[in-house]
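Asks: Structure incoming, see below.
Please treat every number below as a calculation from the coordinates, not as lab data. Note that the coordinates shown come from a computational prediction; the quantities given were computed from them, not determined experimentally. All Cβ positions, glycine included, derive from the backbone under ideal geometry; neighbour counts span all protein chains shown.
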Amino acid sequence: MNWFKDALEISTRGKGLYPFTESVEARIREWDVQEGMCYLYVQHTSASLVISESYDPSAKMDLEVFMEKLAPENQPWHRHTLEGADDSPSHMRAMLTQTSLTIPVDASRLNLGTWQGIYLFEHRSRGHRRKVLIRCLAVD
């Protein structure tokens, strides 16, 4: 077995889902991983990782609206607002989603479902440069 590791940087323009499946698969091809497991981890408390529908753009829009309704900004009970009205809600949204993903690799490709894609979910209103750690355990 071989262990590969690196980090991907994803620039965001504010709230929303940012696809990065292709970046992960490119790294897997560079490493020539035929079979194994891919681990992704985002090192932030106001962004998360999700696997979601990657075919129809309306699915992405619905998820973004859903999250806005689930954890809205400017609530009178929010105390953590040091960085603005999106401060508390961004942490709540990250708590409700995931900070890590594990995906099998087969035939040098992520073994995702037909319509699945990997997204960084930015929960802050302004853009950020997010770091996603990628680790891949390759079976010889």
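Asks: How many nm is it between the label spots at Q116 and L133, if each spot is 7 Å from the Cα in line with the beta carbon?
Replies: 2.2
Asks: Just rank F121, F4, fewest to most, by other beta-carbon atoms within 10 angstrom.
Replies: The fewest-first ordering by Cβ neighbours comes to F4, F121.
Asks: Note the full-extension length gain between S125 and K69 as 0.36 nm times their separation in residues minus their Cα-Cα distance, in nm to one decimal.
Replies: Length gained between S125 and K69: 18.7 nm.
Asks: A further question follows. Using just the helices of the chain, give the 222 nm mean residue ellipticity in deg cm²/dmol: DSSP H runs with n ≥ 4 each add -39,500 (n - 2.57), and the total is spread over all residues, rounded to 500. Don't skip to the end; give the middle numbers.
Replies: On the way: 3 runs with 35 residues, N = 140.
Computed ellipticity for the chain at 222 nm equals -7500 deg cm²/dmol.
Asks: Moving on. Report the residues of the range 107-140 in range of a label on W3: point 7 Å along Cα→C-beta, backbone N strictly under 12 Å from it.
Replies: Of the residues in the range 107-140, 135-138 have backbone N under 12 Å from the label point off W3.
Asks: Let me ask something additional. Please get the size of the charge dipole for the range 2-138, origin at its Cα centre, with Cβ charges of +1 on Lys and Arg and -1 on Asp and Glu, quoted in debye to the nearest 20.
Replies: So the dipole magnitude of the range 2-138 works out to roughly 380 debye.
Asks: May I ask for the Kirkwood hydrodynamic radius of the range 2-138, worked out over all distinct Cα pairs and given in angstroms to one decimal?
Replies: 15.6
Asks: Order these peptides, 108-115, 8-15, 77-84, by their mean beta-carbon neighbour count within 10 angstrom, highest first.
Replies: Output ranking for 108-115, 8-15, 77-84: 8-15, 108-115, 77-84.
Asks: Which distance in nm do the two modelled labels at R29 and T99 give, with both placed 7 Å along the Cα-to-Cβ direction?
Replies: 3.2
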